Amino acid sequence: MKFRFFGGADEVGGLAVMMEDGFGKVMFDYGLIPRDPPVYPLPAPAVDEIVLTHAHVDHSGMIPWLTANYPVTVHSTMPTKDVGRLLMLDSIKVARMEGYSEPYEFSDVDDAMKLFDIERFGTPFEIGGTEFVPRKAGHIPGAAMFEIRGERNVLFTGDIHTAETRLVQGAEAVRTDVMVVESTYAGREHPERRQVEDQLTDKVEEIVGRGGQAILPAFAVGRTQELLLILEKTGLNIWVDGMGRKVNTIYMRSKDFVASPSNLRRACLKAYEVETNEDRFRSDRADVIVTTSGMLDGGPALSYIERIKDDPKSGILISGFQVEESNGHRLLSTGHLEINGVIEKINCEVARFDLSAHAGHSELLSFVERCNPETVILVHGDGEKRRMLADSMDGRKVLMPRKGETIEL
Ligand SMILES: [Zn+2]
């Protein structure tokens, strides 16, 4: 078997891995990294089928380009298709807004949707006479790992989270011979989640208790819903704005893919959805606003922050990963934010909470041990940090490919 890495090998995001074996050429994910300018995967050759692990744009963002060139079947779960569509359409809008050339057109997204085959966890499907089985990956609702049952079994993880969260169950370990595994948090651990949830809830209650408003910038996919679930019991007046509202609707109907459909439904329906500009004008009534964008590079979050930025009673609570060049990273490291092209000093409280959707270093290690592969291929990780994970895997062959490389096993 052969693996070619078109993206996301020695970098976090932009995953694109082609596996070639008796069944033909299958592309696993084909994502872009939404930076300035966006990072695209290397152009792919003709593929026979496509397998998509989850909806995040760094895994799905270039699927419409791929299917416009090679109109082949795309295998994914239902929430991955539905949420992926939103993010693909959004990628075009973002490119237009920021003045980059559009990687594909709206009609390419529609055409791609017609090529999807919807798969279910635990139910095998066939590609070229070989069985592929989707398995729970944790991470976000609908995220799948794929077990490939050949002469040697292969497990392709995509992004994984092994612990159960309020939103989604943890990844399911599967015995395998070869494992292509993400390594986003190689060398780093997460604090205990329930403790972080308590600290976040306490901070929100403290802010509201002193007469302020809490703004929670959040990724639309996964984080928005998890925050609503965490804060539901506070009984506070919670508002939700941005693309997260549409994702709420998709996840509420994805009952087989969330930890508790009834809890999710209750939390989403309790939150007030901001729909119009008039809503935004009277948003000072809200205690808490959960809103995109998660890294503060746009979206309604900035207009809310503009209103509270000099109010010492209010606070901005960051809970997602902030890439180095993002506005959110600027806030955490300098106390300033770019709002409407102007760098502004932020005088309200700013706090950070680690609620990652990825497994930490030890969780990755113990997951690999439970899957017990002979060969491990580490992808979706910082070039050098992967080494720390590799060094802890005694007795296994560990490979750390770079973008553009081919591995033959
Ligand atoms: Zn992801």
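The values are calculated or read from the model by the stated rules, or taken from the named source; none is laboratory data. Quantities reported herein were computed from a predicted structural model and do not represent experimental measurements. Counting neighbours? That spans all protein chains shown, and the Cβs are built from the backbone with ideal geometry, glycine included.
Please tell me if PRO41 is within 16 Å of the ligand (Cβ to nearest atom), in contact with a Leu (Cβ under 8 Å, 6 or more places away or on another chain) and in a loop (DSSP other than H, G, I, E, B).
Numbers: within 16 Å of the ligand (Cβ to nearest atom): yes; in contact with a Leu (Cβ under 8 Å, 6 or more places away or on another chain): yes; in a loop (DSSP other than H, G, I, E, B): yes.
Judged against the criteria, PRO41 is a match.
Residue-wise test of (1) closer than 23 Å to VAL181 by Cβ; (2) part of a helix (DSSP H, G or I); (3) within 16 Å of the ligand (Cβ to nearest atom).
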residue: PRO37; (1), (2), (3): no, no, no
residue: VAL47; (1), (2), (3): yes, no, no
residue: PRO71; (1), (2), (3): no, no, no
residue: LEU89; (1), (2), (3): no, yes, no
residue: TYR100; (1), (2), (3): no, no, no
residue: PRO103; (1), (2), (3): no, no, no
residue: SER107; (1), (2), (3): no, yes, no
- Kindly indicate the residue of the range 49-69 that is part of a helix (DSSP H, G or I), within 16 Å of the ligand (Cβ to nearest atom) and not acidic (Asp, Glu) and also farthest from VAL17 (Cα to Cα) among those meeting that condition. VAL57
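Yes or no: the range 42-61 includes at least one residue that is buried (at least 17 other Cβ atoms within 10 Å of the Cβ), under 23 Å from MET243 (Cβ atoms) and in contact with a Phe, Trp or Tyr (Cβ under 6 Å, 6 or more places away or on another chain).
If we filter the range 42-61 for residues that are buried (at least 17 other Cβ atoms within 10 Å of the Cβ), which is where we start, we get 44, 47, 49-61.
Going one step further and asking which of them are under 23 Å from MET243 (Cβ atoms), we end up with 52-61.
Filter once more, keeping what is in contact with a Phe, Trp or Tyr (Cβ under 6 Å, 6 or more places away or on another chain): none.
The answer is no; no qualifying residue exists.
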- Task: Look at VAL196 and say whether it is in contact with a His (Cβ under 9 Å, 6 or more places away or on another chain), outside any loop (DSSP other than H, G, I, E, B) and either at pLDDT 95 or above or within 20 Å of ILE318 (Cβ to Cβ) (or both).
- Result: yes
- Task: Examine the range 122-135 for a residue that is part of a loop (DSSP other than H, G, I, E, B), more than 16 Å from the ligand (Cβ to nearest atom) and surrounded by 15 or more Cβ atoms within 10 Å (Cβ to Cβ), and state whether such a residue exists.
- Result: no
- Query: Can you tell me which residues in the range 336-362 are of a type outside the set (S, T, N, Q), under 26 Å from the mean Cα position of the chain (by Cα) and within 21 Å of LYS203 (Cβ to Cβ)?
  - Reply: LEU337, VAL350, ALA351, ARG352, PHE353, ASP354, LEU355, ALA357
- Task: Enumerate the strands (runs of 3 or more DSSP E) found wholly within the range 242-355, keeping only those where 3 or more residues are out of contact with any Lys or Arg (no Cβ under 6 Å at 6 or more places or on another chain) and of a type in the set (A, V, I, L, M, F, W, C).
- Result: 288-291
- Task: Looking only at the range 139-168, count how many residues are assigned to a loop (DSSP other than H, G, I, E, B) and away from the ligand (no atom under 16 Å from the Cβ).
- Result: 5
- Quick one: which of VAL379, VAL368 is hydrophobic (A, V, I, L, M, F, W, C), away from the ligand (no atom under 16 Å from the Cβ) and outside the structural domain of PRO217 (by TED's automatic domain parsing)? VAL368
- Any chance the range 248-256 includes a residue that's surrounded by 15 or more Cβ atoms within 10 Å (Cβ to Cβ) and closer than 24 Å to LEU302 by Cβ? yes
- Query: Taking the stated definitions as given, is GLU182 within 16 Å of the ligand (Cβ to nearest atom), among the charged types (D, E, K, R) and under 21 Å from the mean Cα position of the chain (by Cα)?
  - Reply: yes
- Among (1) farther than 16 Å from THR165 by Cβ; (2) within 21 Å of the chain's Cα centre (by Cα); (3) among the small types (Gly, Ala, Ser), the one test that ALA218 misses: (1)
